[in-house]
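Heads up: the structure comes next, in structure tokens.
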Amino acid sequence: MRHHRARFLHILAIAPVAAILAGVLGPTQHALAAASKVPAPIVVTVDPGFGGQPTPSNPNVPFDPGAIGVNGLLEKDVDLDVAIRLAALLRADLVDVVMTRSTDIYVSAARREQISVAQHAALVVSIHANTSTNAHAEGFLVLYPAKKSAAFATTMSDALNAQLTTDGISDAGVALGDTAWLRNPVPVATVAMGYLSNPTDASLIATTAFRQDVASGMRDGVEAYMPAIIARRNAILAWREAHRGTVTPGSLEPASAAIPGTKGFQFEPVIAWLLAIVGVGLLLLFRDAVARVLVVLIALLVRLFGGVMWLRRAAIRRRRRRQRSRVSARPPSLSVEPRRRSGGSVYDDIPL
């Protein structure tokens, strides 16, 4: 018995070491899920101004073309074209772009803000062109609705200035304005890319090259103000590289590759290993008692089985006795063989 106790103490001494190793090396389901979840992209709202077309059959349908250029350009069309270009550039950097409109439809200012807030956008870029009664007014201008957006507007203006230097358009600076986004909870920058009322600006705005440069400058401004966009892009790309073969994006069960971030102490496997090792130690220490208990349980099961079989045989015997008693209780038959005449012979019934 003393030998068995010593062995049990040895097992208990080794158990914590094995359990700790299991905790360090063995990832839990929560660790696997956390390591396997794809990083969420950052959301940015792109808001092309104005939109919609007149409906002769229903004059009450709202529409707003915005400014009309000296060359016939409609601001709503320019805004949408640049917005689509900006959205493509941001999506290339794995930004989740929310557009307040992607076709030529009218969207109210209140609805635009609702769309952005509902999608939890981190930034808003509103795209417009400018106009003035002064034909000499020129250059791109960045507006912001409140003080909290001033830094974003300044960063956007600097990025546009760097991008549009070679295009020959002047920098009109940054100004407080665009109260349509006044209540928005995140920074907003409204870019007026030039004056459609100015012949030089309007000619530039008509070219696809200038529109692409404006979109590139706005992309640079967004990413300069929020460097987390590039960091998140790199994290998403790293996740995709580590989870090649994943059936569904964001799946918690990658098809291949080692799962990063699974090192570190985990309590669940420690507890499981400790319980298992202690259980095995107890069985070894008290194996004689366990054997006796098993013998008693087996004997009880045998007795129980024998009792069930005895009851079954007794039921069969009772059923047979009832059948025999019913047969013996039947009344005698009424047909009686005719009595023979006295003095007769057994040959009397034989026909001659």
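Peptide packing: for 50-63, 227-240, 137-150, 183-196, the average count of neighbouring Cβ atoms within 10 Å per residue gives the ranking 183-196, 137-150, 227-240, 50-63, highest mean first.
Amide hydrogen proximity for residue 173: with H placed 1.01 Å from N in the peptide plane, the residues at 5 or more positions away or on another chain lying under 5 Å are 142.
In this calculation the C-beta distance from residue 308 to residue 244 is compared with R0 = 56 Å, giving a FRET efficiency of 0.35. Distant-in-sequence amide contacts of residue 106, defined by a placed amide H-H separation under 5 Å and a gap of 5 or more residues or a different chain, comprise 52, 53. Other residues lying with their Cβ under 11 Å from the Cβ of residue 162 contribute a combined charge of -4, Lys and Arg counting +1, Asp and Glu -1. Note on residue 209 and residue 57: with the Förster distance fixed at 51 Å, the Cβ-Cβ geometry gives a FRET efficiency of about 0.85. In this structure the amide hydrogen of residue 123, modeled in the peptide plane, comes within under 5 Å of the amide hydrogens of 45, none closer than 5 places in sequence on its chain. Our coupling estimate for the range 208-225, obtained by passing each phi through the Karplus curve with A = 6.51, B = -1.76, C = 1.60 and θ = phi - 60°, is 5, 4, 5, 4, 5, 5, 4, 4, 5, x, 5, 4, 5, x, 4, 6, 6, 6 Hz, Gly and Pro reported as x. Note on residue 319/residue 297: beta-carbon distance plugged into 1/(1 + (r/R0)^6) with R0 of 30 Å gives a FRET efficiency of 0.35. The charge dipole of the range 109-217, taken about the Cα centre with unit charges on the Cβ atoms of Lys, Arg (+1) and Asp, Glu (-1), comes to about 500 debye, rounded to the nearest 20. Our coupling estimate for the range 166-180, obtained by passing each phi through the Karplus curve with A = 6.51, B = -1.76, C = 1.60 and θ = phi - 60°, is 7, 7, x, 10, 7, 9, 8, x, 10, 8, 6, x, 6, 6, 4 Hz, Gly and Pro reported as x. The solvent-accessible area of residue 131, taken with every protein chain present and a 1.4 Å probe, is close to 80 Å².
The values are calculated or read from the model by the stated rules, or taken from the named source; none is laboratory data. Worth saying up front: this structure is predicted, and the values here are computed from it rather than measured. Don't worry about glycine lacking a Cβ; one is built from the backbone with ideal geometry, like all the others, and counts go over all protein chains shown. To get the accessible areas, we keep the full protein, side chains included, count just its heavy atoms, and leave off ligands, DNA and RNA. Shrake-Rupley method; radii C 1.70, N 1.55, O 1.52, S 1.80 Å.
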